[in-house]
Every structure is written in C-alpha cells, then in structure tokens.
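The values are calculated or read from the model by the stated rules, or taken from the named source; none is laboratory data. Nothing here was measured: the structure is a model prediction, and the numbers come from that model. Glycine also receives a Cβ, built like all others from the backbone with ideal geometry; neighbour counts cover every protein chain displayed.
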Amino acid sequence: MQKKENCKYIFIVGGVMSSVGKGVIAASIGRILRSRGCSVANIKADMYVNLDAGTIRPAEHGEVFVGEDGVEADQDLGNYERFTGQTSTRENYITTGQIYAEVIKRERNLEYGGEDVEVYPDIPKEIIRRIESCQKKHKSEVTIIEYGGTVGEYQLLPFLEAARMMKSKNPKDIFIVLVSYLLVPALLGEQKSKPTQRAINDLHSMGLNPDFVVCRSERPATPDIKRTISNVCSLPIDRIISAPDVYSIYDVPVNLEKENLGATLLKVMSLPSHQKDLKEWTGLANKIKKIDKEVKIGIVGKYFNFKSCKDTYISVIESINHAAWTQNYKPNIIWLDSEKYEKDESLLDELNKLDGIIVPGGFGKRGTEGMILTADYARRKKIPYFGLCLGMQIMTIAYARNVAGLKDANSVEIDPKTPYPVIATMEDQIEKIKNKNYGGTMRLGAWPAVLQDGTIAEKAYGMKKISERHRHRYEVNPKYIEQLEKKGLIFSGTSPDRLLMEIAELSKKDHLFYLGTQFHPEFKSRPLAPHPLFTAFVKACLNKKNKND
Ligand code: GLN
C-alpha cells in the first residue's frame, strides 16, 4: 500500500453554474491519470442531507447508480466507472447527511470524550476521515473528490474547509481544480471571464487557490481569457485548461490531453511521469464520430417530466451506445411516454417503426398499463424487447395476461388486489414496507445468478455463472413459475438456489429477442467492453432492421 504521505488528493469544485459536466471532467482526470499508470479512486460528495440518492425521485435527481455493495449513489459514479474502470462502493459516495449521521452516532457512543460536538471543526474533520477511508479502501495513489454544487454555496462551506484543513497540513499533496464556465452573452458574442474570476475570489475567501482552472465553454478559451484567469490565481498559463463542448463525452479525456493536462498534473503533484496509454480510448472516441448508420431504439418509460430524460436513464443510454458502436451503428433513441398508450392504444403502431424497445426500471403504478401494452405489442409484432428490472416484471405480467390467460394479472406493487399476483413482494420486504422502512432497504447490489444452457442469456454471456447489480423489492411470484413456464416463458437465469427468477426470455424460435432481467445490466457496461445482453439486444435490433430494409 502507498505510504500515506505519498497519497495525493485532487478536489474538483464547480464555479459559476452547475450542470456543465464537472462529473465528466472528474472522471476524465481519473482516466488520464490511470492511462499514465496511477491508481485512482473517484469520490462524489453531494451536499444534500439525504443519506443516499435512493429516495430521491429520478425525475428530480437523475439516475440512482447502484454500486457492487449496494450503495445507491449519484449518477456521477456511473461515469467514474465507465471512464476509469473503478468498482464503486459506499466509500466512493459522501453526502452531508452521512457526515452528520456518523458524527451524531459517535456522540451517542461517547466517542467525543465529554466535549461538546461542533459544526466546526467536527463536521469538516469527519469529511476528511471519510475521504481518507476511501483512499485506504481502494489503496489509491490519487484520490479525486468531486464536490457537488458550485463555490459560493452555503452548504459547500464545511467541504471546502475540509480541503483547506487537509491542504494546510500537507500542502504538497492536496490540489484544487476549479471547473468553471465561460459565459458568452449573445449580445457580445465573446467569452467573458468575470463570473469565473468571482468564483476564484470565492475560493480565495475560503483560504484556497485553484491549482488548475478548467474552462468549460462552447469553444476553447481564448488566449486573452486564459491570461486573465491565470493572473487572477497567479498560475502559469499551462494550468488554465480549455474544455470546449465536444461530440461525445468520450472525447473529453482526449481533449484534456491535447492541453497536456496529464503530464502537467503529474509534474505539479511530483509524481513520476509515465507515457500515456489512451490509444484504444482515442480510437473509440474518433470512431464514434464517423459512424453514420443508425439503429432506432425506443425507450418506453415514465420519468419524462424533467428537463432531460438523459439524466434519468444515463446508464441505459450509455449501454445502448457502447453496444451499438461496437456494431458500427449509432443509436437513435426515441423517448416514448408509456401513458399515451393507455389513452389511445392505436398509438402503439408507432412502435413498428422501431428496431427495438427497452422498458427500463421504475417504481409505482403510473404508466405501467402503457408499458404492459407495449410489452404485449412487442411480443406479437416480434419487435426485439429488452426489459430492465421493472421491464422484466412488466413482460411477465403481459405474458401472464395474454398468453397464460390470467386476466388482470399484475404486480402487487401496482395493484395490491390483483387476482393473479404474478409479481409479488419479496419475503424479506414485507415487514420493511409495513414499517415504512424505505431508505436503503431494497434488494441491492451484486448478487450471483446461474444461467440455463442453450438460452439466449447463456449464449450472450458465454458463461453459466454471472453476478449483476440489483435494486428491487418485488420478484416473480414462485407460485406462478410453473404455469408461466408451461406456456413458454423461460426463466433462463435464477439465483443459485433457484428460488429467485433473474432472467425471463422467450425461445429464439418464438421471437428474435424477448428478454427481461430482474437486475440492472446497464450498471456494468463499459465503452470498450459493452454488456453482453445489450450487445445481443442490439444485434437482434439490427437483424430486424436489415430484414425490413
Ligand atoms: N419497482 C420494481 C421493484 O421494486 C422495479 C424496480 C426497478 O425497476 N429498479 O421491484
């Protein structure tokens, strides 16, 4: 393990405004350092009081990303995994709520030796303890900590203070990267640096000066702007980095390296400089731009009342991308709100124009009838269908109703009074639901499954034992398994004790691809290693497309 004094910490903080891709910059810095031989761990620290992201509405906060150990985290952890290959655990995710909960727990255990416990310094000290415990867990040479929000925000103060305390103790090991935005007022048509200067002043008022400033903007930062910013924080010009808008997020590490960020970072951190190895990554980033053939995939979901559904389904979108790109296709993703099919079933015919359909994860009743109609339509019209968690439960319900003749079959989550509860509450969830014990109590994280020989699933994975990440309370009701199987539904993946149904599918002779998973395969797809089920699904979509063309 690294000696503690050798460990480096990079704090990524935002300036001017949020949603400018700070997470992708943090992930890209991780990728760049890894490609130069450093071991890295990425942490996301969110400012909210929630203990985790698990109880936040997807339309409010975006996707809940699930780690191997079941942590329900911010979607940025997904980008860290996709960019650096990190396997996220609880240590990689911090919230204000967790910090306070831990301090209060220790106070109750008399661990403060009778002293009064104060917001200052006990809260920043706990933040530091958490950051260092992540470093220990992952034995990382460089630990990258992304702070949610932007400097100047009230709730960020204890977190910035934690960085300052660490820096004053070990000035050679702590580095601050400010990711700021250069506004271009339409009236002027030129980049303005004043808001970024204000953000730097805000950092100064916390006793911190950035070591790098990454300038997000539509276009590269002009030399004038770079000079102004470098003056304000007394930094050499090579520490002011341009990060213009790019074709895909996978261009970001490549672009940052064009600004020589990797070598400069290593020099500033006094770490040995290795040759970079970004060849495969750059190859993919360049290839994406040249792909012109399209595969049309519909996502039939319900969390569309947000500015952009891209945040809600980010891992699903990226998994489709990864799989399609390896087949030299680019996906054209069509967002379809399931509720419209409930109002007018004839609209279902629009699904015929698609090469494939995904019904992703979700909770609650709203929109589910439309999803059930979708799953049935996809089966009848032989449109490739891929159900993710809720999507697998939906296809089971549709099959029960329309093939097994179980009229009004449903999930008890959707209709507690259904005559045929083909999806039932998992045994260990009954008490939790009764006590309204909802936070962090689902069946979460990685669980093993075994696959049946000769099935679509087993052929796609090319192995019999798998492990995938979960997040659910309901399951295929064991009472109906035999009945559904007799009618042709194949449970091709189960828990090793065979009690829990993990994958449902129709035989290849009945359908090109009609498959659902109780787990979330989307959390494990990587740009250079697409998930085998997404690859199998996209291949089926291309089969259909090329037949029709
Ligand atoms: N609501 C369903 C359950 O709890 C599906 C969950 C999901 O899609 N992640 O089982």
- Message: I'd like to know if the range 333-349 contains one or more residues that are touching a Ser or Thr at 6+ places or on another chain (Cβ under 8 Å), modelled with pLDDT of 95 or more, part of a helix (DSSP H, G or I) and closer than 22 Å to residue 533 by Cα.
- Response: no
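Would you mind finding the one in 299, 320 that is assigned to a strand (DSSP E or B) and at pLDDT 95 or above?
Details: 320 fails: assigned to a strand (DSSP E or B).
The match here is 299.
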- Top-ranked residue of the range 374-403 - restricted to ones that are more than 19 Å from residue 543 (Cβ to Cβ) and part of a loop (DSSP other than H, G, I, E, B), ranked as nearest to the ligand (Cβ to nearest atom): 389
- Within the range 438-451, how many residues are surrounded by fewer than 18 Cβ atoms within 10 Å (Cβ to Cβ), in contact with a helix residue (DSSP H, G or I) (Cβ under 8 Å, 6 or more places away or on another chain) and either at negative phi or in a strand (DSSP E or B) (or both)? 3
- Condition met for residue 539 (assigned to a helix (DSSP H, G or I), farther than 30 Å from residue 434 by Cα and among the charged types (D, E, K, R)): yes
- Task: Please state which of the following conditions residue 328 fails to meet, knowing it meets all the rest: (1) more than 15 Å from the ligand (Cβ to nearest atom); (2) part of a helix (DSSP H, G or I).
- Result: (2)
- Query: Do any residues in the range 465-486 that are closer than 19 Å to residue 428 by Cβ have Cβ atoms under 6 Å from those of residues that are acidic (Asp, Glu), where the two are at least six apart or on different chains, and which pairs are they?
  - Reply: 474/413
- Could you check how many residues of the range 418-448 are out of contact with any Phe, Trp or Tyr (no Cβ under 7 Å at 6 or more places or on another chain), within 16 Å of the ligand (Cβ to nearest atom) and either within 21 Å of residue 497 (Cβ to Cβ) or of a type in the set (D, E, K, R) (or both)? 14
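Which residues, taken from the range 404-435, are basic (Lys, Arg) and either within 17 Å of residue 481 (Cα to Cα) or assigned to a loop (DSSP other than H, G, I, E, B) (or both)? So that I can check it myself, show each step before the final result.
As a first pass, look at the range 404-435 and keep what is basic (Lys, Arg): 407, 417, 432, 434.
407, 417 - these are the residues of the range 404-435 that are basic (Lys, Arg) and either within 17 Å of residue 481 (Cα to Cα) or assigned to a loop (DSSP other than H, G, I, E, B) (or both).
For residues in the range 508-523 being among the hydrophobic types (A, V, I, L, M, F, W, C) and buried (at least 24 other Cβ atoms within 10 Å of the Cβ), which is nearest to residue 86 (Cα to Cα)? Before the answer, list the steps.
Of the range 508-523, the ones among the hydrophobic types (A, V, I, L, M, F, W, C) are 512-513, 515, 519, 523.
Filter again for buried (at least 24 other Cβ atoms within 10 Å of the Cβ), leaving 513, 515, 519, 523.
Values: 513: 31, 515: 28, 519: 20, 523: 12 Å.
Only one residue tops the list, namely 523.
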- Quick one: in the range 340-364, of everything that is under 21 Å from residue 416 (Cβ atoms) and surrounded by 12 or more Cβ atoms within 10 Å (Cβ to Cβ), which residue is farthest from the ligand (Cβ to nearest atom)? 342
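So which residues in the range 449-479 are within 13 Å of the ligand (Cβ to nearest atom) and either over 30 Å from residue 56 (Cβ atoms) or basic (Lys, Arg) (or both), if there are any at all?
Let us first name the residues in the range 449-479 that are within 13 Å of the ligand (Cβ to nearest atom), namely 468-477.
469, 471, 473, listed by residue number.
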- Collect the residues in the range 236-258 that are touching a helix residue (DSSP H, G or I) at 6+ places or on another chain (Cβ under 8 Å), free of Cβ contacts under 8 Å to residues at least 60 places away in the same chain, under 21 Å from residue 191 (Cα atoms) and not polar (S, T, N, Q), keeping them in residue-number order. 236, 237, 238, 239, 240, 241, 244, 246, 247
- Task: Only residues that are closer than 27 Å to residue 438 by Cβ and more than 26 Å from the chain's Cα centre (by Cα): list them for the range 477-518, please.
- Result: 477, 478, 479, 480, 497, 499
